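Data first, discussion second: the structure below is written as structure tokens.
The values are calculated or read from the model by the stated rules, or taken from the named source; none is laboratory data. Values in this document were obtained by computation on a predicted structure and should not be read as measured data. For neighbour counting, all protein chains shown are included, and Cβ atoms are generated from backbone atoms with ideal geometry for every residue, glycine included. Protein only, heavy atoms only, side chains kept; ligands, DNA and RNA dropped before computing areas. Shrake-Rupley method; radii C 1.70, N 1.55, O 1.52, S 1.80 Å.
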Amino acid sequence: MDLEKINQGVKLILEGVGEDAQREGLLDTPARVASMYEDVFSGLEVDPVSVITTMPADRHQEMVLLKDISFFSMCEHHLLPFFGKAHVAYIPSEGGLITGLSKLATVVQVVARRPQLQERMTSTVADAMVAALDPLGVLVLVQAEHLCMSMRGIRSTAQTVTSAVRGIFRTNAATRAEVLAMINGRAW
Ligand code: ZN
């Protein structure tokens, strides 16, 4: 990542809004923002499929769900944060592959740490799961608040919900209902 370029860009924005980029409080702001962007956009340099390490399913052909994965991302239209929770579920294929539970959170974080759209984030996570595990099905549900809606625009807080559904979760309504009940905390 070109930190110097970000540094110069932030300085221009400060000047553009009519600020004195040389005043004490702002002097280190361009450098601070550059190193923050390096962190916030670190997912640009990571292939999400590569973080989903695999192991044999050992005949565990049942649903796995990691829910309430908190994340922070940046809307690519306004460079303002959107943040909330992701839920990732999959069912391994027979004799197929599984991954560690923490990897389900890692793949969400990697995909979130890019200039992003919630819709694309949701489908990218699902497609990475399909590519890495070739499972029977994957369901990814993301709910988030977008500061570009609540700070500007409609100036109202709301939760945007997106889903990406692959395989058996798409074709089998009962399986889909089961995972949605688990996500909503109504299962058993
Ligand atoms: Zn936006």
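Under a Cβ-only charge scheme (Lys and Arg +1, Asp and Glu -1), can you give me the dipole magnitude of the stretch 45-144 about the Cα centre, in debye to the nearest 20?
Computed charge dipole of the stretch 45-144: roughly 260 debye.
Let me check something: with ligands and nucleic acids excluded, how do Lys5, Lys103, Lys85 order by accessible area (1.4 Å probe), largest to smallest?
From most accessible down to least: Lys5, Lys85, Lys103.
Just to be sure I understand: with springs between alpha-carbon atoms less than 10 Å apart, which residue in Ile91, Ile154, Ile52 has the highest mean-square fluctuation in the Gaussian network model of the chain?
Ile154
Leaving ligands, DNA and RNA out of it, rank His146, His78 by accessible area with a 1.4 Å probe, largest first.
Listed by decreasing accessible area, they come as His78, His146.
When the helices in the chain are scored as -39500 (n - 2.57) per DSSP H run of 4 or longer and the sum is shared across all residues, what 222 nm value do you end up with, to the nearest 500 deg cm²/dmol?
Calculated at 222 nm, the ellipticity per residue is -11500 deg cm²/dmol.
Would you kindly state how much longer the chain becomes between Val46 and Val17 on full extension, computed as 0.36 nm times their sequence separation minus their alpha carbon distance, in nm to one decimal?
Full extension from Val46 to Val17 adds 7.1 nm.
Nothing charged except the Cβ atoms of Lys and Arg (+1) and of Asp and Glu (-1): what's the magnitude of the dipole of the chain about its Cα centre? Round to the nearest 20 debye.
Result for the chain is approximately 660 debye, rounded to the nearest 20.
Estimate the FRET efficiency between Asp68 and Gln8 by the formula 1/(1 + (r/R0)^6), using the beta-carbon distance for r and 45 Å for R0, to the nearest 0.05.
Plugging the Cβ-Cβ distance into 1/(1 + (r/R0)^6) gives 0.70.
Calculate how many DSSP beta bridges within the chain are antiparallel, expressed in % of all such bridges and rounded to the nearest 5.
95 percent
Once Lys and Arg get +1 and Asp and Glu get -1 on their Cβ, which of Ala86, Leu133, Cys148 lies farthest toward the positive end of the dipole of the stretch 63-181?
Among Ala86, Leu133, Cys148, the one farthest towards the positive end of the dipole of the stretch 63-181 is Cys148.
Rounding to the nearest 10 and keeping the result within 0 to 90°, find how far the Cα-based axis of helix 29-40 lies from the longest principal axis of the chain.
10 degrees
Most fluctuating residue of Ala177, Ala57, Ala131 in a GNM of the chain with Cα springs under 10 Å: which is it?
Among Ala177, Ala57, Ala131, the largest mean-square fluctuation in the Gaussian network model of the chain belongs to Ala177.
Measuring from label point to label point, each 7 Å out along Cα→Cβ, what is the Glu145 to Met182 span in nm?
With each label placed 7 Å out from Cα toward Cβ, I get 2.9 nm.
What length, rounded to one decimal in nm, is gained on full extension from Leu117 through to Thr157, with 0.36 nm per residue of separation minus their alpha-carbon distance?
Between Leu117 and Thr157, full extension yields 12.6 nm more.
Rank Val49, Met36, Asn7 by how far each Cα sits towards the positive end of the charge dipole of the stretch 1-74 (+1 on Lys, Arg Cβ; -1 on Asp, Glu Cβ) and give me just the farthest.
Val49
Quick one: if the Förster radius is 35 Å, what FRET efficiency do Glu38 and Asp134 give, using the C-beta to C-beta distance and rounding to 0.05?
0.55
Only four residue types carry charge here, +1 at the Cβ of Lys and Arg and -1 at the Cβ of Asp and Glu. Report the dipole size of the stretch 13-91 about the Cα centre in Debye, rounded to the nearest 20.
Roughly 440 debye, rounded to the nearest 20.
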